[in-house]
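Colleague: The following block contains the structure, expressed as C-alpha cells.
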Amino acid sequence: MTAADLIVTIDRVLPAAPEAVFRALTDPHLFGRWMGPEGSDVVVDELNLTLGGRLAFRVTLPGGGPEVGLYGFYEEIEPPRRLVHTWAQEGDDAVSTVVFDLEPHGAGTHLRLRHHGLATPEDVAQNDGGWHHQLDRLAALVG
C-alpha cells in the first residue's frame, strides 16, 4: 500500500448553504456539537481561525471514557469554500491533514472531506468510520 492509498475521501450533501456549514466547521460553540462520538463531551480549548492558527480540543468518550486531546494548525481558510488544517493526537508524533471543500448544491452543500497523510491501513479504517459519524452529526446540526 502506498501513501496515496492512505487517505479517507468522503463526499456528502448537507442540508444547508456553504456559509452555514463553514460556520459549523469554524465556530467553537458549534464545532463541539458535532465533533466526537455521540454522547461524548467535547471541549474546544482553542480555535484561532487564522493562517497558522491553532485548533485544539479534548473529547471525553461516552460513559466516562478516556479523554483524547486533538490539535492542528490552519493551512488554508477560504470562507465558505475551503478549510485545511493539520490533525494530530496529543502524545503522538503522527501528523495528517484534513481538507474540507464546500460547493453549493441546490439549497444545500456538497462537502468533500479528504484526510491524508495517515500512517497505516488501520488508521484509514478508524478515521473513515469516525468521519462518517462526525459528518452525520454535522448534517443533523446544520439541517
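Colleague: Please verify whether P62 is within 17 Å of R137 (Cβ to Cβ), at pLDDT below 95 and touching a Gly at 6+ places or on another chain (Cβ under 7 Å), treating the condition exactly as stated.
Modeller: When the stated conditions are applied, P62 passes them.
Colleague: Return yes when E78 is under 19 Å from L141 (Cα atoms), of a type outside the set (V, I, T) and out of contact with any strand residue (DSSP E or B) (no Cβ under 8 Å at 6 or more places or on another chain) and no when it is not.
Modeller: no
Colleague: On the basis of being over 18 Å from V124 (Cα atoms), buried (at least 18 other Cβ atoms within 10 Å of the Cβ) and touching a Gly at 6+ places or on another chain (Cβ under 7 Å), does V13 make the cut?
Modeller: no
Colleague: Restrict the check to the range 33-49 and report whether at least one residue is outside any strand (DSSP E or B), aliphatic (A, V, I, L, M), under 25 Å from I7 (Cβ atoms) and touching a strand residue (DSSP E or B) at 6+ places or on another chain (Cβ under 8 Å).
Modeller: yes
Colleague: For G69, work out the one condition from (1) part of a loop (DSSP other than H, G, I, E, B); (2) of a type outside the set (K, R); (3) at pLDDT 95 or above it doesn't fulfil.
Modeller: It fails just one condition, (1).
Colleague: Going through A20, A56 one at a time, which residue ends up being in a helix (DSSP H, G or I) and either surrounded by fewer than 18 Cβ atoms within 10 Å (Cβ to Cβ) or among the small types (G, A, S) (or both)?
Modeller: The unique qualifying residue is A20.
Colleague: Checking V124 against (1) open to solvent by less than 40 Å² (accessible area, probe 1.4 Å); (2) touching a helix residue (DSSP H, G or I) at 6+ places or on another chain (Cβ under 9 Å); (3) under 23 Å from A20 (Cα atoms), which test does it fail?
Modeller: Tallying (1) open to solvent by less than 40 Å² (accessible area, probe 1.4 Å); (2) touching a helix residue (DSSP H, G or I) at 6+ places or on another chain (Cβ under 9 Å); (3) under 23 Å from A20 (Cα atoms), V124 fails exactly one: (3).
Colleague: Of the residues that sit in the range 89-118 and are part of a loop (DSSP other than H, G, I, E, B) and within 17 Å of R54 (Cβ to Cβ), which one is nearest to the chain's Cα centre (by Cα)?
Modeller: E90
Colleague: Also, I was wondering about something else. Of the residues E103, E90, E78, only one is in contact (Cβ under 8 Å) with a residue 12 or more places away in the chain, open to solvent by 60 Å² or more (accessible area, probe 1.4 Å) and either among the hydroxyl-bearing types (S, T, Y) or closer than 21 Å to L14 by Cα (or both); which?
Modeller: Testing whether each residue is in contact (Cβ under 8 Å) with a residue 12 or more places away in the chain, open to solvent by 60 Å² or more (accessible area, probe 1.4 Å) and either among the hydroxyl-bearing types (S, T, Y) or closer than 21 Å to L14 by Cα (or both) leaves just E103.
The values are calculated or read from the model by the stated rules, or taken from the named source; none is laboratory data. The structure displayed is predicted, hence computed values, not measured ones. Positions of Cβ are backbone-derived with ideal geometry, glycine not excepted, and every protein chain shown enters the neighbour counts. Side chains are part of the model used for accessible areas, which takes the heavy atoms of the whole protein and leaves out ligands, DNA and RNA. Shrake-Rupley method; radii C 1.70, N 1.55, O 1.52, S 1.80 Å.
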